[in-house]
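The values are calculated or read from the model by the stated rules, or taken from the named source; none is laboratory data. Quick caveat: nothing in here was measured; it's all calculated off a predicted structure. In this analysis, Cβ positions are derived from the backbone assuming ideal geometry, glycine residues included, and neighbour counts consider all displayed protein chains.
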């Protein structure tokens with residue numbers, strides 16, 4: 001499978017995205033720590049981490065007896081550069097702003113980019 | 001300049017690991033990391049200079065745009081801890097943007113280049129930052145914005161573009 005495919009596949013699951021959020025909050029967690037946050041068996045969490053690792057989104061390091069998991073967001077950045085930049089980020093962000101302001105009428109639209 | 005050996009990483013630190021595959025020779029990646037004419041072409045476009053031996057000096061000089069923002073002539077400094085061209089470089093790294101940054105002290109970066117199949121190399125950047133160095137931490141994990149920032153994800157993505165296509169992204 002191509003590396004882009006692996007990343008999209010890895011991101012196409014809410015548990016895996018949640019694991020990335022957990023590592024974004026605090027990098028270098030053990031399986032035990034991550035498992036604590038998910039309502040899932042240890043084996044299930046291991047399987048998800050393996051998919052994330054294969055996509056390069058999670059990198060592991062051994063430290064003593066512990067295996068630590070680190071978030072590597074570079075592949076997401078590459079997808080951003082490859083897909084978002086290409087399809088005119090400016091117009092997309094205007095649409096995202098519109099969606100946000102419609103969904104939350106309290107907020108006026110915010111244009112981040114000139 | 002104060003010696004970089006006195007790292008301020010006395011207390012707890014957090015490690016950030018970034019990894020990217022680049023279709024280039026190890027030597028080309030090494031040059032892009034360690035030569036000012038290359039570092040001026042991607043990321044924040046400062047001019048990095050290394051004395052590539054243990055104890056050697058590292059400085060990153062501001063480019064014209066950075067100077068126009070009022071940044072000092074040398075924006076980052078540090079010391080080379082280990083240099084094994086073109087595969088491994090360990091160094092300390094400290095921002096000198098203003099006094100508050102200087103006070104945060106040195107972080108530590110390990111660059112590793114490992115050739116893999118298909119003409120690709122895996123570049124791994126491991127950045128150890130003291131938990132007290134909140135500005136350094138904020139800078140290297142930031143998202144890209146037009147008013148500066150972007151962090152490692154952006155720098156490495158730009159480096160890959162430059163080495164693979166001869167052109168950087170921005």
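For this structure, a couple of remarks:
- Residue match in region B:121-133 (condition: within 17 Å of the chain's Cα centre (by Cα), in a strand (DSSP E or B) and closer than 16 Å to residue B:39 by Cα): yes
- Search result, residues across region A:57-69 that are surrounded by fewer than 21 Cβ atoms within 10 Å (Cβ to Cβ) and touching a helix residue (DSSP H, G or I) at 6+ places or on another chain (Cβ under 7 Å): A:60, A:67
- Filtered residues of region B:50-71 (kept if surrounded by fewer than 17 Cβ atoms within 10 Å (Cβ to Cβ) and either over 22 Å from residue B:136 (Cα atoms) or modelled with pLDDT of 95 or more (or both)): B:51, B:52, B:53, B:54, B:55, B:56, B:57, B:64
- Close pairs (6 angstrom Cβ cut-off, 6 or more residues apart or separate chains): more than 9 Å from chain A (Cβ to nearest Cβ) in region B:132-158, part of a helix (DSSP H, G or I) and at pLDDT below 90 anywhere: B:140/B:151; B:142/B:151
Okay, residues lined up against (1) loosely packed, with under 14 Cβ neighbours inside 10 Å; (2) out of contact with any strand residue (DSSP E or B) (no Cβ under 9 Å at 6 or more places or on another chain); (3) at positive phi:
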{"residue": "A:2", "(1), (2), (3)": "yes, yes, no"}
{"residue": "A:6", "(1), (2), (3)": "no, yes, no"}
{"residue": "A:11", "(1), (2), (3)": "no, yes, no"}
{"residue": "A:19", "(1), (2), (3)": "no, no, no"}
{"residue": "A:23", "(1), (2), (3)": "no, no, no"}
{"residue": "A:29", "(1), (2), (3)": "no, no, no"}
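- Being more than 14 Å from chain A (Cβ to nearest Cβ), modelled with pLDDT under 95 and at negative phi is true of residue B:101.
- Among residues of region A:71-82 being touching a helix residue (DSSP H, G or I) at 6+ places or on another chain (Cβ under 7 Å) and within 10 Å of residue A:20 (Cα to Cα), the one that is surrounded by the most Cβ atoms within 10 Å (Cβ to Cβ) is A:71.
- Applying the set (1) over 15 Å from residue B:86 (Cβ atoms); (2) away from chain A (no Cβ under 14 Å); (3) over 15 Å from the mean Cα position of the chain (by Cα); (4) not in a helix (DSSP H, G or I) to residue B:65 leaves exactly one unmet item: (4).
- The set of residues from region A:94-109 being at pLDDT 55 or above, more than 23 Å from the chain's Cα centre (by Cα) and within 22 Å of residue A:84 (Cα to Cα) comprises A:98, A:101.
- Scope region B:110-120; condition assigned to a strand (DSSP E or B) and free of Cβ contacts under 8 Å to residues at least 24 places away in the same chain; matching residues: B:110
- Residue within region B:94-108 that is free of Cβ contacts under 8 Å to residues at least 40 places away in the same chain, in a helix (DSSP H, G or I), closer than 20 Å to residue B:46 by Cα and touching a strand residue (DSSP E or B) at 6+ places or on another chain (Cβ under 8 Å) present: yes
- In region A:1-10, the residues that are more than 10 Å from residue A:51 (Cβ to Cβ) and touching a residue at least 12 places away in the same chain (Cβ under 8 Å): A:3, A:4, A:7, A:8
- Helices (runs of 4 or more DSSP H) lying entirely in region A:13-72 (those with 2 or more residues that are in contact (Cβ under 8 Å) with a residue 60 or more places away in the chain and within 11 Å of chain B (Cβ to nearest Cβ)): none
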